[in-house]
Amino acid sequence: MKIDGKAYRSVWRAPESPAVQIVDQTRLPHRFEVLTLTTSAAVAHAIRTMQVRGAPLIGACGAYGLALALGEDPGDAALESAYATLNATRPTAVNLRWGLDRVRAAVRPLAAAERAAAAYRVADTIADEDVAINAAIGRHGLALITAIAGRSPGRTVNVLTHCNAGWLATVDWGTATAPIYMAHDAGIDIHVWVDETRPRNQGAALTAWELGRHGVKHTLVADNAGGHLMQHGLVDLCLVGTDRVTRTGDVCNKIGTYLKALAARDNNVPFYVCLPSPTIDWRVADGLAEIPIEQRSAREVTHISGRTADGEIVEVELPPVGTPARNDAFDVTPARLVTGLVTERGVCPATAAGLAGLFPGEAAGPPA
Ligand code: MRU
């Protein structure tokens with residue numbers, strides 16, 4: 001997507017490889033800074049501290065991290081050690097493990113001297129595929145928005161989204177935002193309710209920034225406002241991303257997604273989840289029981305950062321000093337609350353049969 005007229009992806013190879021460059025998402029929206037990562041340890045740090053975040057993006061970054069590790073040492077022990085370090089950075093989004101598995105499987109049969117270059121090629125392919133996949137998600141999701149716009153000509157289509165499933169969370173386009181950008185670009189009158197997404201405020205800091213830079217109409221709302229907006233007919237459609245979808249259609253996404261799905265069901269608002277196929281965990285059937293939920297620092301709940309009137313970025317404490325806090329970073333929305341899954345191959349019901357219909361090879365599992 002473009003920032004002030006210049007096209008960016010969220011991760012790319014540095015001109016003076018071996019290195020990758022990222023947009024530091026911990027500095028947005030008040031500072032736009034590009035970071036150059038030259039070691040796999042730096043990539044692991046960037047994922048852990050959420051300088052890069054979002055399931056598809058950490059999948060691509062993990063792959064580049066493994067390529068950097070193989071440039072440092074192409075041996076089997078170093079490969080396994082870097083794999084384990086990168087894989088442990090964030091536990092919930094399955095894309096990270098998927099990207100690492102793909103690179104490791106490609107380089108294992110190769111001679112040491114060939115491994116780093118091959119790993120970079122795989123990482124580049126993952127990044128390019130992610131862009132194409134998200135564009136396809138955008139086209140399928142656009143049909144949903146076009147249908148709503150067609151039912152009430154002349155009226156704004158109101159979409160509610162949670163967290164940041166935008167281009168910053170992927171390599172480009174975003175998942176939930178791809179249909180929104182395409183609808184906007186096609187001239188559809190579209191407006192987005194942006195959940196602030198406590199505690200890290202990815203909606204307020206990142207989604208609002210992205211949409212604003214692209215010129216999409218949007219309004220920031222407190223996390224608890226969505227149900228009220230739906231009760232008053234102010235939401236036509238919920239579009240969210242996801243960090244892991246089970247083969248049965250359960251959806252794990254940023255904490256608070258489940259409550260939006262409950263409110264949507266109570267108000268007959270369609271609730272769609274946009275996902276690239278690498279986000280499907282074919283090994284898992286029961287999202288509540290089997291998906292690891294990342295527990296993050298209580299400090300993210302008790303403290304908040306922002307910009308003062310004179311431009312300084314400061315962090316302040318919200319509750320009484322010493323208040324205990326708990327920070328579950330994701331929740332699981334049961335498949336029964338999901339209207340449909342928007343994938344690169346089309347839209348399907350959130351069921352095992354729905355997913356298997358679009359991805360028969362993957363659903364059948366690896367050959368015995
Ligand atoms: O903790 P984050 O910011 O990495 O969580 C991101 C989300 O929950 C997104 O909705 C999800 O990764 C989908 S990204 C296209």
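Structure notes:
- Residue-normalised accessible area of the chain, given per residue in Å² at a 1.4 Å probe: 41 Å²
- Its Cα gyration tensor gives the chain an equivalent ellipsoid, and the semi-axes of that ellipsoid, as √(5λ) in whole Å with the largest first, are 31, 25, 20.
- Computed FRET value (nearest 0.05) for A186 with R121, which takes r as the C-beta separation and R₀ as 25 Å: 0.10
- The coefficient of translational diffusion for the range 2-129, derived via Stokes-Einstein from the alpha carbon Kirkwood radius under 10 °C and 1.306 mPa s, stands at 110 µm²/s.
- 23 Å Cα-Cα reach of K2 towards lysines, excluding residues that sit fewer than 8 places from it in its own chain: K217
- The range 152-364 - percent of accessible surface contributed by carbon and sulfur, probe 1.4 Å: 53 percent
- Ranked by the mean number of other Cβ atoms within 10 Å per residue, highest first, peptides 8-16, 284-292 order as 8-16, 284-292.
- Residue-count net charge about V194 - beta-carbon cut-off 12 Å; Lys, Arg +1, Asp, Glu -1: -3
- Percent accessible area from carbon and sulfur atoms, the range 2-129, protein chains only, probe 1.4 Å: 53 percent
- Computed log₁₀ I(q)/I(0) - Debye formula, equal Cα scatterers, no solvent, the range 143-235, q 0.10, 0.13, 0.20 Å⁻¹: -0.24, -0.40, -0.95
- Other residues within the sphere of radius under 15 Å centred on the Cβ of R244, judged by their own Cβ, net out at -4 (K and R +1, D and E -1).
- Shown here is the pair-distance distribution of the range 174-223: with all Cα-Cα distances grouped in 10 Å bins from zero up to the longest one, the shares run 27, 56, 16, 1 percent.
- Additional length obtainable on full extension of the chain from L262 to R336, 0.36 nm per residue less Cα span: 25.6 nm
- Point-to-point label distance, A19-A222, nm (Cα→Cβ direction, 7 Å offset): 4.5 nm
- For the pair A88 and R139, label points projected 7 Å from Cα toward Cβ lie 4.3 nm apart.
- Radius of gyration and maximum dimension Dmax of the range 152-364, Cα, Å: 17.6, 58
- By the Kirkwood approach, averaging reciprocal distances over each pair of separate Cα atoms, the range 79-225 gets a hydrodynamic radius of 17.3 Å.
- Modelled FRET efficiency - R0 25 Å, R283 with A112, Cβ distances, 0.05 increments: 0.25
- Rounded to the nearest 0.05, the FRET efficiency derived from the C-beta distance between A105 and A77 at R0 = 22 Å is 0.80.
The values are calculated or read from the model by the stated rules, or taken from the named source; none is laboratory data. From a predicted model like this one, the values you see are computed outputs, not experimental measurements. Positions of Cβ are backbone-derived with ideal geometry, glycine not excepted, and every protein chain shown enters the neighbour counts. Ligands, DNA and RNA are excluded from the accessible area calculation, which covers all protein heavy atoms including side chains. Shrake-Rupley method; radii C 1.70, N 1.55, O 1.52, S 1.80 Å.
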